[in-house]
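Here is the structure we will look at.
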Amino acid sequence: HSFAPHAAAGERSLKSQWATPGRLPFTPPLVQGCPHVASPLLRYLSPSHSVPLGARDKVLALCQQQDPRPLQDIFTDTMRNSLTKLGEGAFAEVFGCLGDDRRKKMALKIIPIEGDFLYNDEKQASFHGILPEMVITRELNLLGEEANKENVNSPHFTSNFLQIFWMSVSKGKFPDFLMDAWEDYDHEQKSENDVPDVFPDTQLYVVFASEDAGIPLEEFVFHSFDEALSIMTQVAGALAVGEAALEFEHRDLHQGNVLVRRTHEETVYLRLGGVDYLIPTHGVQATIVD
């Protein structure tokens, strides 16, 4: 029932390195020589002659924009008509909606930035402060792209980090349709955040549009030990890939930052150090966020 290697070149037995559930501590296989992946995106994190841009321009470039877009303009009619608020944090509001194909659910994380007043008793993020999150999010997203999976020369792959569809720098007041969704959530669950009607026309935001990856681990109800073991294995495997590929460390991996959803897929695939693995899902899939 443990993390089984997929039949592929470089396959090896892990029976002696993976614990039997309930008997031994969980320890990952030792993979020697995992090369560090040097990505051009990482140059955005520090001043460089190869990326001669300030933080504002770097953030816009990552969003493939030259200027901020009006906040209301990033929402299509389908998105507006299906909009609900999913949750919140001290630095962000999270909304859910349908994509334009009306089948795929999306989550929109809206982070106010560069304002000169406190929001939720916190100072708003700056372009300089939000830039690392955007770069790291994009890097982890690239690890899970299909092109990376199909590239036999790529030593690492995982789809257990949040998959981002697009990012945007936006500007303006919270439009009425966002306020309506926010107030519905507040009426049902009592929001702990400040009412976002405080934002002026000049307010800037960074918006992350991602897959709707389920509910926080702390709220998920498991039906079996195998489900819980699968989530733990998926999270451990993804972190191992992130460390090997990008020297990534999460440093805030609490139960609210692991999302869980039911799935019909029987296995989750990952590649670590050029070795392919299949993790039995037992009907659940984990996604690491923030």
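The table below lists the values:
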| quantity | calculated |
| --- | --- |
| The range 246-274: number of residues that are touching a Leu at 6+ places or on another chain (Cβ under 6 Å) and exposed (fewer than 11 other Cβ atoms within 10 Å of the Cβ) | 0 |
| Yes/no for SER210 being farther than 28 Å from THR267 by Cβ and under 25 Å from the mean Cα position of the chain (by Cα) | no |
| Selection count where residues are in contact (Cβ under 8 Å) with a residue 60 or more places away in the chain and open to solvent by less than 20 Å² (accessible area, probe 1.4 Å), scope the range 137-153 | 3 |
| The range 214-245, subset within 15 Å of THR137 (Cα to Cα) and out of contact with any His (no Cβ under 9 Å at 6 or more places or on another chain), residue least open to solvent (accessible area, probe 1.4 Å) | ALA238 |
| Residues satisfying the stated conditions in the range 98-110, i.e. outside any loop (DSSP other than H, G, I, E, B) and open to solvent by 10 Å² or more (accessible area, probe 1.4 Å) | LEU98, LYS105, MET106, ALA107, LYS109 |
| Close pairs (6 angstrom Cβ cut-off, 6 or more residues apart or separate chains): at positive phi in the range 169-195, at pLDDT 95 or above and open to solvent by 20 Å² or more (accessible area, probe 1.4 Å) anywhere | GLY172/PRO70; GLY172/ASP201 |
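The values are calculated or read from the model by the stated rules, or taken from the named source; none is laboratory data. Note that the structure is predicted; figures quoted are calculated from it, not measured. We place every Cβ from the backbone using ideal geometry, glycine too, and count neighbours over all the protein chains shown. The protein model used for the area step is the full one, side chains on, heavy atoms only, and it has no ligands, DNA or RNA in it. Shrake-Rupley method; radii C 1.70, N 1.55, O 1.52, S 1.80 Å.
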